[in-house]
Structures are given as structure tokens and as C-alpha cells.
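Contents: one structure, followed by commentary.
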Amino acid sequence: MNRSSFHPLLAALAVLSGTGMTHASPLDSDADARLRALHAAPDRAGSLVYRGRVHEPDAARDAVPPYTYERRVAPAGSGLSATHLTRDARGELVISETAQITAGYALQRFEAINRQQGYSGSVIVSEDGRRLSYRLLRDDGQHTAQERVEHAVVAGPSLHGYIAEHWDALMAGATLPVRMVVLAKMTTYGFEIRRHAPATNRAVFTVTPTQWLVRLAVAPLVVTFDPRTREVVRYEGRVPPLRVVNGKPQDFDARVDYTMLAPAYR
């Protein structure tokens, strides 16, 4: 599949507003086996960094969340491999996302297995960070695509670390343009990261879509850190799992509260 075969703004609206999404489609046998193996032995993905409770935005912090996820990291060359494992309310592993990143949090590879939407795949970022090579496997077969980008590329498991890596510049007022991977559509979308300065003792950053049509479908993502430790404490915005409303899957704009379980964020 060539990504020029669909209009990027229409694709953005489809993927970010919930239209065209499938639910509980079968995974290929290899992806299914890998997800089951991670469910049985999550330590395979590395050491536990934190757990996140994925709530409705206005839910009480101690409410039972519809999803939880954990961050696990392992050494990978001079950088690390960061994996997010998302479980539903029954404890079943439904999504695995892994980012291989350099010591400076430059994304090198991102791969995902998503049981809810029935796909698995990966994207490889060229050494200069400007060319992306996608592979996506769905029930209608294997698809590939290429993309050229002008800005740094981020994915779910690398976003918070990218903010922390550029802490000083952001705290000084810089605006950082990035491209966010949407693997299900084999493309990226533009966002801008900047510091938000509310009257609190937290360090708050917004991640805002640059295209106006995407902004209609996706509110700015908000990431909150403890400025003393530079540990992430809360995330607000679009999350990988879907929520089911009246039997239909929909995109989920959630609040995630984190509990750190490692001495420092990685």
C-alpha cells in the first residue's frame, strides 16, 4: 500500500476520531503467540519502571480503571528498549508497544501488537531520522509504506522520555516540533511540544496537533511531571486502547495516573 493513495487529512480524521476502526479482529499466529508470551512473562520486556491506571478523565483516582499499563525497559545497544503493556479490566494483555531508542531518546524502531484493532507491525527510522519504513499486518494481508519527515519522530513509549531529554529547552520556553507515529495508518502526524505554566508546583507540557483538522479530532495531550525528580505523574489525552460505548469501540481520551516503581524514570 502506498500512503499517497489516501488523503492525509481524511486519514487523520479517520484514525483519530474513531471511524473505520475494527474491534477484536484476529491477530496472525506469530503476533498472537508473542502477545501471549508477554502476558505470561512480562519480565521478558525488561525491568518495571512504573504502572499507570487508565481512567475516564473525571474518575476518582482510586476508582477501578478499565485499563492499566506498565512500562518496562531493557538495555539495547547504547540506548534502551521501552515497552508499554496494556491490560484490560480482566487483566488480559491487549496491546504491546515497544520503542527502541538511543541514549538521547531518538526513535530507531517502533513495533506494536494490538489485539483490539487486530494488527501488528513495525516502523524503522533511518539513521539520519528522516526516512521511515513501515510494515503492517492485518487480516487483509501485509502492507508496507515509506515516509519522509523533517522533524524528530516519537511514539508512545518514547514521548515522555523525549520531553524529559529536552527539559531545559522546554522549561526555557522552546517549542519542539515532532512527528507522532500512528502505526495503524502507516504515517505520522505533526505535533508541537511546549511548556504550559499553570500556577502549580508541577511541570506541565502540552503536545498539540499542528494540522487544524487533526486539532478538531484530538485535543492537546497534557503531560505532567514532578519538577524535583523529573518523574511523570499524569498524562491526559488519547490512549492506545479503545473504550466500548453501547457495544461500539471508540477512541479513548483518558487520564493516566502513574505510580513509579523504579528509582528513576527511564
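Please give the charge dipole size of segment 115-241, origin at the Cα centre, charges +1 on K and R Cβ atoms and -1 on D and E Cβ atoms. Round to the nearest 20 debye.
That gives segment 115-241 a dipole magnitude of about 220 debye.
Based only on other Cβ atoms within 10 Å, what is the fewest-to-most ordering of ASP139, ASP168, ASP257?
ASP168, ASP139, ASP257
With point charges of +1 on the Cβ of Lys and Arg and -1 on the Cβ of Asp and Glu, referenced to the Cα centre of the chain, which listed residue (ALA45, TYR134, TYR189) lies farthest in the positive direction of the dipole?
In the chain, that residue is TYR189.
Could you size up the charge dipole of segment 67-167 around its Cα centre, putting +1 on the beta carbon of Lys and Arg and -1 on that of Asp and Glu, and report it in debye to the nearest 20?
120
Among DSSP beta bridges whose residues both lie in segment 3-260, state the antiparallel percentage, nearest 5.
Rounded to the nearest five, the antiparallel share is 95 percent.
If the only charges are +1 at each Lys and Arg Cβ and -1 at each Asp and Glu Cβ, what is the size of the charge dipole of the chain around the Cα centre, to the nearest 20 debye?
With only Lys, Arg, Asp and Glu charged at Cβ, the dipole is about 160 debye.
Among VAL64, LEU27, VAL94, whose Cα lies farthest out toward the positive end of the dipole of the chain, if unit charges sit on the beta carbon of Lys, Arg (+1) and Asp, Glu (-1)?
Checking the options against the dipole of the chain, the answer is VAL64.
Can you give me the relative contact order of segment 3-260 as a percent, contacts being Cα pairs under 8 Å and 6 or more apart?
About 17 percent, as a whole number.
Subtracting the Cα-Cα distance from 0.36 nm times the residue separation, let me have the gained length for ALA63 to ALA197 in nm, one decimal.
Stretched fully, the ALA63-ALA197 segment lengthens by 45.4 nm.
Enumerate the amide H contacts of ARG138 below 5 Å, restricted to partners 5 or more residues apart or on another chain; note that Pro and chain-start residues carry no placed amide H.
Residues meeting the criterion, in which the H sits 1.01 Å from N, are HIS143.
Using alpha carbon coordinates only, what is the Rg to Rh ratio of segment 3-260, with Rh defined as the Kirkwood radius?
0.93
What value, in deg cm²/dmol to 500, does the helix sum -39500 (n - 2.57) over DSSP H runs of n ≥ 4 give at 222 nm once divided by the residues of the chain?
For the chain, the value works out to -4500 deg cm²/dmol.
Rule-based calculations on the coordinates, nothing more; no lab input. On a predicted model such as this, the values are computed, not experimentally measured, just so you know. Heads up, the Cβs are rebuilt from the backbone with ideal geometry, glycines too, and the neighbour counts pull from every protein chain shown.
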